[in-house]
Amino acid sequence: MKKEIIVSKDGSQTLSIPEMDETYHSINGALTESQHVFIDMGIDKLPKGQKEIKIFEVGFGTGLNAMTTIDWLKTNPSKQIIYHTIEAFPVDKGIIEKLNYADLFTFKDSVELYNKIHEIKWNQEISLSSQFKIAKFHNKLEDFKLESNYYDCIYFDAFAPNKQGEMWEMNILRKCHEALAIHGRFVTYCAKGQLKRDLKTLGFEVVMVPGPPGKREMTTAIKKQPYKL
């Protein structure tokens, strides 16, 4: 499907898919949304004494969420992150090269790191720094096996339920629940009632928090106990 670069309200770019009437990030601020949903309400809420953080991102897309995570590490020098991310339909390199993401961050080597996260091979874990390891998996989540009780935080960044409904079905949410460690966090921009009910059924403690610009609420869910059939 054709993708077009558009500028969101905070000056950061995102991609639009006219055929789906959908965007990769919020038009009210792509960078602002990533920072609020996945950093402020995600990894920044994990126990402060935790040194190693394992993240699974659903929807690698443009790599923006990976970059905001690397940026977070610059003010958390004692932390180390293992970052696993899955993408069924990678964005073409030609489009990636036109996005302004590398210029949004002021930390050292931001341009080099942004290029690297897109250049590394799929399906293998690579150390980009002493603090950050990444593995990108070219696959559909429904066909991908996740390690049980492993991740501390899941960034759930699939397209909206009315655009990509199969990604919000119970079998996918169950897979996420099983992959999280006890007290792990599931975070997403979505605030649909059905999502909240399904997460509660799986054993999550669901907490609604303020959303990024343009959204009143978003969803955080904490794994309190192993899933039981």
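The values are calculated or read from the model by the stated rules, or taken from the named source; none is laboratory data. Keep in mind that this is a model prediction, so the values were computed, not measured. In this analysis, Cβ positions are derived from the backbone assuming ideal geometry, glycine residues included, and neighbour counts consider all displayed protein chains. The area values use the complete protein model at the heavy-atom level, side chains included, leaving out ligands, DNA and RNA. Shrake-Rupley method; radii C 1.70, N 1.55, O 1.52, S 1.80 Å.
Between amide H atoms placed 1.01 Å from N, distances below 5 Å from Ala135 occur with Tyr83, His84, Thr85, Ile126, all of them 5 or more places distant or on a separate chain.
Equivalent-ellipsoid semi-axes for region 12-71 (Cα gyration tensor, √(5λ), whole Å, largest first): 26, 11, 9.
Considering only Gln194, Val207, Ile5, and ranking their Cα positions along the charge dipole of the chain that arises from unit charges at the beta-carbon of Lys, Arg, Asp and Glu, the one farthest toward the positive end is Val207. Quick check: net charge around Pro18, other residues with Cβ under 11 Å of its Cβ, Lys/Arg +1 and Asp/Glu -1? So the surrounding residues net to -2.
Here is the tail figure for the chain: Cα pairs spaced more than 28 Å apart come to 24 percent of all pairs. With contacts taken as Cα pairs under 8 Å and at least 6 residues apart, the chain reaches a relative contact order of 19 percent. The mean accessible area for residues of the chain, using a 1.4 Å probe and ignoring ligands and nucleic acids, is 47 Å² per residue.
A simple count of charges around Glu4, restricted to other residues whose Cβ falls under 13 Å of its Cβ and scoring Lys, Arg +1 and Asp, Glu -1, yields -1. Ligands, DNA and RNA left out, the 1.4 Å accessible surface of the chain is 48% carbon and sulfur atoms. For region 37-155, the Cβ-based charge dipole about the Cα centre amounts to some 280 debye (Lys, Arg positive; Asp, Glu negative; other atoms uncharged). Computed about its Cα centre, the charge dipole of the chain is approximately 720 debye, with only Lys, Arg, Asp and Glu carrying charge at their Cβ. Checking the cross-link pairs Lys2/Lys98; Lys54/Lys192; Lys3/Lys108; Lys140/Lys163 against a 19 Å limit on the alpha carbon distance flags Lys54/Lys192; Lys3/Lys108 as lying beyond it.
Treating r as the C-beta distance of Asp103 and Gln194 and R0 as 45 Å, the FRET efficiency rounds to 0.70.
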